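Visitor: Okay, here's the structure, questions in a sec.
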Amino acid sequence: MPVSRRSFLGAISPGTAALSPAFVAARGREAAIAGSAAAPGPRAAASILLDSNENPLGPGPATMEALRGAFVDAGRYPTNARPSMGDLREAIARRVSVKPENVALGAGSWELLRLGVRLYTSSSRPLVTAAPTFEQPEKMAEQLGVGVRRVSVDKDGRLDLDAMARAARWGGLVFLCNPNNPTSTVHPARAVADFVARVRQESPDTAILIDEAYHDYVTDPGYATAVPLALEHPNVFVTRTLSKAYGMAGMRVGYAIGQKRTIESFGRWAITFNQNSLAVAAAVASLDDPGHIEAERARNTEARAFTTRFFKDLGFKVMDSQANFVFVEIGRAARGFKEDCARRGILVGREFPPLHMTHARVSIGTIDEMQKAGVVIAEVLGGSRPVPAGSAHDSRRPR
Amino acid sequence: MPRKEADMSFTRRAFVKAVGIGGASLLAARREAWAGLLRAPGPARPPRPLLLHNNENPLGPGEAVLDSVRRALGTGGPAGRYPWEDVAQLHAAIADRFGVAPENVVTGCGSTQVLREAVQTFTSPAKPLVAGQLTYEECAGYADLIGTPVRAVALDRALKLDLDAMAEAAKGAGLVFLNNPNNPTATLVSGDAVDRFIERVHSTAPDAVVLIDEAYHDYVTDASHRSQVPRAVKDPRLVVARTFSKAHGMAGMRVGYAVGHPETIKRLGWEGPNALNVAGIVAAMASIKDQARLERESARNTEARRFTIDWFAKAGFASTDSQTNFVFVDIGRPAKAFRDACREQGVLVARDFPPLEKSHVRVSIGTLDEMKQATAVFGRVLAVKAAAA
């Protein structure tokens, strides 16, 4: 199976499509794309992308079929396209078992995370977030000049819900990423429900954003979605994305679920026409094809087990991953590890302070990719093995 | 040496394990059979009304542009990759088109995102927005959300932006929005007039940024028009917004951009490229290189626009001097009643545009054939006895 690597060479002109990958690698994309190309970025130059928690295969066949039929509407605003943005809201509502009025669309969940910060925080009501967790909400808070309270994860990489609930008092918005990126750990449904109840009681004006970007990759039976909590409580909302298991990171489709009033304010603030007409058709088809997502979850679960075992066999601790990436205690700085891997054509995750001196995030590709990457990673980490290989299995936590 | 052994055993284990995974391998293998899938025609669609309400290019981006998207998405994998790096390629392609540097360019999810970023960046409760009273609503709508006061300046009698009054209103403002040609009135202010306006705003309101939205630039036929792009790259208080949604025929792809001075562009792009999608990026890169297609599209629109304006004139209804892919017509009755009646006969025309919603309607220009069908409907709705055409 060829390495699943994107390339725009075919997009530029029919002539360049015929160039072999070897030619391009030898000449560089600048040579292949005469004139206007910017220097290729590290992702274009890498052979295996394990840096952004993407689905390496992209969307499924039903989605591709729908995409094909959508090209006729490329010139139409997504409100006029068939299916339309309204149809997409309905498809999401069907999938999540809510009403369309409970669904807001975003250009990726990115847009909705940022809107959440904007709508619920202020100079007197800070953002409460974890360290480390997905950075987009705190980036937005910093851009807006809003205060940020960061609560460290526990030693197993789990969000410290008790400390976050305490920090939530007088906060504007609590950001709860479940499973948490980059630590990959999940909290069971009961713990999330207790957290929401506690914050609602102790700080009723504080909004709670539960980001379930990796929902479809969870295999822990104790986990369940927080969508019912979002419907039950005002100012509690759940964000999801089609960038992960749905394999559509390039298409920029995300959504938020919440009570009607919450969702209406998202609708007012979201970018006008924030959906691509092709993406709308692809997303509707994907949402109506849950069997494919189950197959993707199974594929990821196997590749994740393989990758987890690989690191443990090398003697490194791996957090209990419920996502399409693993968070590994490599015992050295993530930056150096990333650079060493990049030089060998493998991209791994960025730095995640405060654990950036010891831990690295590696996304799960295909088995084939993980096998190839494993050879490189073993080579890079060869000199920094923290514990004798024999003790690796001893470090497993009871589940 | 131990390292080497570890590698080998790992590889061997991986191989065995990979061979044993039927489902996952099949997922990947089946994908190989999809090559060319996107190139086959999609299923036939049921008929729909004539869409003359959103100023879209009825022909879309054309097969060459769409083929570039089909090739780029290939068997699907690239749709699953974040396109951040590719945004840099798009910026370079746009910069190339104008002979400027990539630092002069920022893109957005449609020019709507760029316009909002400009309001966010350059206005505040203390620094108002200045806009025409009857212009594209995106900036004023966003200003309302963030608590920025809006100074709405009435249009002149020809339904052109009143540049003198706007320059006067610019004192103390943060941002002045100039939509040229102006949506929904379709009118243009000349290049010379815009030059004088910018100079006047700079002297009376040295802190204000002038944002010129040239969404309909490619449809202008008036020889007095001049794009302000060349001036914007040198002037930190001038930004020009453009879109791929109009003449490029890519309203569904959501790509717009702004060109300006690097310092201004850097401040403007505060949200980053996260809302850009891969299909739009690829399509925009292909489309921006094809100037000849834009010229053909402009000629096509000009002919259909002429036909439409003439039809209304012969029926007794005056249009403004349209320099866009829509006409703004004084039908002497409320737009709503006209719109509802047209919808019943299969033609969609635009929303209300207060304060002229009681007398004027905006009609987008479709193909010549579509305009012949549409004007037949308009004739019935307006009870025109001897309709032209």
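Visitor: Which pairs have Cβ atoms under 7 Å, sit 6 or more apart or on different chains, and link a residue in region B:230-252 that is more than 21 Å from B:Met285 (Cα to Cα) to one that is polar (S, T, N, Q)?
Guide: Close Cβ pairs satisfying both conditions: B:Pro236/B:Thr264; B:Leu238/B:Gln228; B:Val239/B:Thr264.
Visitor: Among the residues of region B:285-311, write down those that are out of contact with any helix residue (DSSP H, G or I) (no Cβ under 6 Å at 6 or more places or on another chain) and within 14 Å of chain A (Cβ to nearest Cβ).
Guide: If the condition is that a residue be out of contact with any helix residue (DSSP H, G or I) (no Cβ under 6 Å at 6 or more places or on another chain) and within 14 Å of chain A (Cβ to nearest Cβ), then B:Lys289, B:Asp290, B:Gln291, B:Arg293, B:Glu297, B:Arg300 are the ones that fit.
Yes or no, residue by residue, for (1) more than 19 Å from the chain's Cα centre (by Cα); (2) at pLDDT 95 or above:
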{"position": "A:Val326", "(1), (2)": "no, yes"}
{"position": "A:Gly331", "(1), (2)": "yes, yes"}
{"position": "A:Asp340", "(1), (2)": "yes, yes"}
{"position": "A:Arg350", "(1), (2)": "no, yes"}
{"position": "A:Met357", "(1), (2)": "yes, yes"}
{"position": "A:Ile367", "(1), (2)": "yes, yes"}
{"position": "A:Lys372", "(1), (2)": "yes, yes"}
{"position": "A:Gly382", "(1), (2)": "yes, no"}
{"position": "A:Asp394", "(1), (2)": "yes, no"}
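Visitor: Right, here's the next one. Every residue in region B:268-284 that is in a helix (DSSP H, G or I), under 22 Å from B:Phe98 (Cα atoms) and either within 13 Å of chain A (Cβ to nearest Cβ) or modelled with pLDDT under 95 (or both), please. Reasoning before the result, please.
Guide: Applying the first criterion (in a helix (DSSP H, G or I)) to region B:268-284 yields B:268, B:278-284.
Then drop every residue that is not under 22 Å from B:Phe98 (Cα atoms), which leaves B:268, B:280-284.
Once the filter is applied, which keeps residues that are in a helix (DSSP H, G or I), under 22 Å from B:Phe98 (Cα atoms) and either within 13 Å of chain A (Cβ to nearest Cβ) or modelled with pLDDT under 95 (or both), region B:268-284 yields B:Gly280, B:Ile281, B:Val282, B:Ala283, B:Ala284.
Visitor: Filter region A:64-91 down to the residues that are part of a loop (DSSP other than H, G, I, E, B) and facing chain B (nearest Cβ under 7 Å), then identify the one that is nearest to A:Ala285 (Cα to Cα). Full working, then the answer.
Guide: The first filter runs over region A:64-91 and keeps only residues part of a loop (DSSP other than H, G, I, E, B), leaving A:74-84.
Checking which are facing chain B (nearest Cβ under 7 Å) leaves us with A:74-78, A:80-82.
Working: A:Ala74: 17, A:Gly75: 20, A:Arg76: 19, A:Tyr77: 19, A:Pro78: 15, A:Asn80: 17, A:Ala81: 14, A:Arg82: 12 Å.
Step by step, filter region A:64-91, then rank; the result is A:Arg82.
Visitor: Quick one: how many residues across region A:347-376 are more than 14 Å from chain B (Cβ to nearest Cβ) and farther than 22 Å from A:Phe134 by Cα? Give the steps one after another, and end with the answer.
Guide: In the first step, residues of region A:347-376 are kept if they are more than 14 Å from chain B (Cβ to nearest Cβ); the result is A:348, A:351-362.
From the residues that got through so far, the ones that are farther than 22 Å from A:Phe134 by Cα too are none.
Of the residues in that region, 0 qualify.
Visitor: Looking at region B:68-102, which of the residues that are charged (D, E, K, R) and under 21 Å from the mean Cα position of the chain (by Cα) is farthest from B:Gln228 (Cα to Cα)?
Guide: The initial filter retains those residues of region B:68-102 that are charged (D, E, K, R), namely B:70-71, B:81, B:85-86, B:96-97.
Next cut, under 21 Å from the mean Cα position of the chain (by Cα) only: B:86, B:96-97.
Details: B:Asp86: 27, B:Asp96: 17, B:Arg97: 15 Å.
Result: B:Asp86.
Visitor: Take the residues of region A:216-229 that are more than 21 Å from A:Met85 (Cβ to Cβ) and either among the aliphatic types (A, V, I, L, M) or crowded, with 24+ Cβ neighbours inside 10 Å (or both): which is farthest from the other protein chains (Cβ to nearest Cβ)?
Guide: A:Leu229
Visitor: So, one more: Please specify each residue of region B:285-308 satisfying the condition of being among the small types (Gly, Ala, Ser) and loosely packed, with under 15 Cβ neighbours inside 10 Å. Reasoning before the result, please.
Guide: Step one: list which residues in region B:285-308 are among the small types (Gly, Ala, Ser), which gives B:286-287, B:292, B:298-299, B:304.
If the condition is that a residue be among the small types (Gly, Ala, Ser) and loosely packed, with under 15 Cβ neighbours inside 10 Å, then B:Ala292, B:Ala299 are the ones that fit.
Visitor: If you don't mind, another one. Only one residue in A:Val326, A:Val280, A:Val318 is aliphatic (A, V, I, L, M), surrounded by 22 or more Cβ atoms within 10 Å (Cβ to Cβ), within 14 Å of chain B (Cβ to nearest Cβ) and in contact with a Ser or Thr (Cβ under 7 Å, 6 or more places away or on another chain), so which one is that?
Guide: Numbers: A:Val326 fails: within 14 Å of chain B (Cβ to nearest Cβ); A:Val318 fails: within 14 Å of chain B (Cβ to nearest Cβ).
Selected residue: A:Val280, the only one of A:Val326, A:Val280, A:Val318 that is aliphatic (A, V, I, L, M), surrounded by 22 or more Cβ atoms within 10 Å (Cβ to Cβ), within 14 Å of chain B (Cβ to nearest Cβ) and in contact with a Ser or Thr (Cβ under 7 Å, 6 or more places away or on another chain).
Visitor: Answer yes if at least one residue in region B:293-314 is under 30 Å from B:Glu85 (Cα atoms) and among the acidic types (Asp, Glu), and no otherwise.
Guide: So the first thing to find is which residues in region B:293-314 are under 30 Å from B:Glu85 (Cα atoms), and the list is B:293-294.
Right, trim to among the acidic types (Asp, Glu) and you get none.
The answer is no, given that none of the residues of region B:293-314 is under 30 Å from B:Glu85 (Cα atoms) and among the acidic types (Asp, Glu).
Visitor: Here's something else I'd like to know. Quickly run through region A:358-370 and pick out the residues that are farther than 15 Å from A:Val318 by Cα and not hydroxyl-bearing (Ser, Thr, Tyr).
Guide: Taking region A:358-370 as the starting set, the residues that turn out to be farther than 15 Å from A:Val318 by Cα are A:365-370.
Hits for region A:358-370 are A:Gly365, A:Ile367, A:Asp368, A:Glu369, A:Met370.
Visitor: Name the single residue, out of those in region A:222-259 being touching a residue at least 60 places away in the same chain (Cβ under 8 Å) and assigned to a strand (DSSP E or B), that is farthest from A:Ser286 (Cα to Cα).
Guide: Checked region A:222-259; the qualifying residue farthest from A:Ser286 (Cα to Cα) is A:Phe237.
Visitor: Those residues that are buried (at least 22 other Cβ atoms within 10 Å of the Cβ), of a type in the set (Gly, Ala, Ser) and in contact (Cβ under 8 Å) with a residue 60 or more places away in the chain, I need them from region A:56-102; list them, please.
Guide: Once the filter is applied, which keeps residues that are buried (at least 22 other Cβ atoms within 10 Å of the Cβ), of a type in the set (Gly, Ala, Ser) and in contact (Cβ under 8 Å) with a residue 60 or more places away in the chain, region A:56-102 yields A:Gly58, A:Gly60, A:Ala66, A:Ala70, A:Ala74, A:Ala81.
Visitor: A further question follows. Take region A:119-157 and flag every residue that is of a type in the set (Ser, Thr, Tyr), over 26 Å from A:Met357 (Cβ atoms) and either without any contact (Cβ under 8 Å) to a residue 12 or more places away in the chain or surrounded by fewer than 21 Cβ atoms within 10 Å (Cβ to Cβ) (or both). Can you show your working first?
Guide: First, the residues of region A:119-157 that are of a type in the set (Ser, Thr, Tyr): A:120-124, A:129, A:133, A:152.
Next cut, over 26 Å from A:Met357 (Cβ atoms) only: A:120-124.
Hits for region A:119-157 are A:Ser122, A:Ser123, A:Ser124.
The values are calculated or read from the model by the stated rules, or taken from the named source; none is laboratory data. Predicted model only: the values in this text are computed from it and were never measured. Note that we place each Cβ from the backbone using ideal geometry, even for glycine, and neighbour counts take in every protein chain shown.
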